[in-house]
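Below is one structure, written out as structure tokens; the observations come after it.
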Amino acid sequence: MVPSGTSIEAKEVSRKGESGKDLIVQYHVFVKGVPPNALLQYMDWPINADKPSPRLQGISVGKDGILMCAGRTAEQCGDSKKPDDPIEFTVIPRKGEPTRIAFVSENVKIGTVIVPDPIEVHDKGCTLSAVRLTPKFDLAFLSGKGYPPNTDVHYRVSSETTNNFVIKSDSSGTIRVSVIPYGGKKNKGTVTVKVTETGCSPGLSYEWGTI
């Protein structure tokens, strides 16, 4: 959701708490290529919602593209006593949970996805990551880079049972696949995914069935 000629970047400015427990992360967001007088509406799309929700209106684009509450007119968000105040977008993430945000106006629609508390491993130049697609993590999106291009990549998924699979890498050596816990009747547990290639074999685990 990045139109031609525009860009969006989220830069972390604060991180407090512990991963997977009480983590709080704040970002400044920079948008470039939009009209300098544009007023944007902030929207987010949690993974437990069926559509985006509006959060804040009247956002201005400041120096270097930083999103701020200018507070200079009635249409702009913010306080006139604290003009041009950069917005700290605050996220309280779960492990592997994506934060999907967008900024829209009559003529602008631009968005991005951030994973503040990622599940990612590296091994011999290869990566493997898991993104939470449902609140209970009973559906995950796995991706990885650094594999031989256009090649079968073998991997193993273990939850209550263990199953072996093959996914073909694309021309850039990237793999993408969705994963669900296999077998049994439990409503929570641990999923372990392991690439079983000789060149590199990253593996990761995550808890599912809890929010």
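The values are calculated or read from the model by the stated rules, or taken from the named source; none is laboratory data. All values reported here derive from a predicted model rather than from experimental measurement. Don't worry about glycine lacking a Cβ; one is built from the backbone with ideal geometry, like all the others, and counts go over all protein chains shown.
Computed quantities for the displayed model
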read-out	value
Unique match (being assigned by TED's automatic domain parsing to the domain that holds residue 15, buried (at least 16 other Cβ atoms within 10 Å of the Cβ) and aliphatic (A, V, I, L, M)) among 101, 175	101
All positions within the range 63-93 that are of a type in the set (Gly, Ala, Ser) and in contact with a Pro (Cβ under 7 Å, 6 or more places away or on another chain)	70, 71
Residues of the range 76-122 that turn out to be of a type outside the set (Ser, Thr, Tyr), out of contact with any Lys or Arg (no Cβ under 6 Å at 6 or more places or on another chain) and free of Cβ contacts under 8 Å to residues at least 40 places away in the same chain, as a count	11
Residue that is farthest from the chain's Cα centre (by Cα), among those in the range 1-48 that are of a type in the set (Val, Ile, Thr) and outside any strand (DSSP E or B)	34
Of residues in the range 84-136 being of a type in the set (S, T, N, Q) and in contact with a strand residue (DSSP E or B) (Cβ under 9 Å, 6 or more places away or on another chain), the one farthest from residue 180 (Cα to Cα)	105
The listed residue being modelled with pLDDT of 95 or more and surrounded by 15 or more Cβ atoms within 10 Å (Cβ to Cβ), out of 121, 108	121
Yes/no for residue 23 being surrounded by 16 or more Cβ atoms within 10 Å (Cβ to Cβ) and either among the hydroxyl-bearing types (Ser, Thr, Tyr) or over 18 Å from residue 112 (Cα atoms) (or both)	yes
Of all residues making up the range 34-58, the number that are surrounded by 15 or more Cβ atoms within 10 Å (Cβ to Cβ), at pLDDT 95 or above and farther than 16 Å from residue 97 by Cα	7
Long-range neighbours under 8 Å by Cβ, at least six apart or interchain, first residue touching a residue at least 60 places away in the same chain (Cβ under 8 Å) within the range 33-59, second polar (S, T, N, Q) and buried (at least 16 other Cβ atoms within 10 Å of the Cβ)	38/60; 39/60; 39/76; 40/60
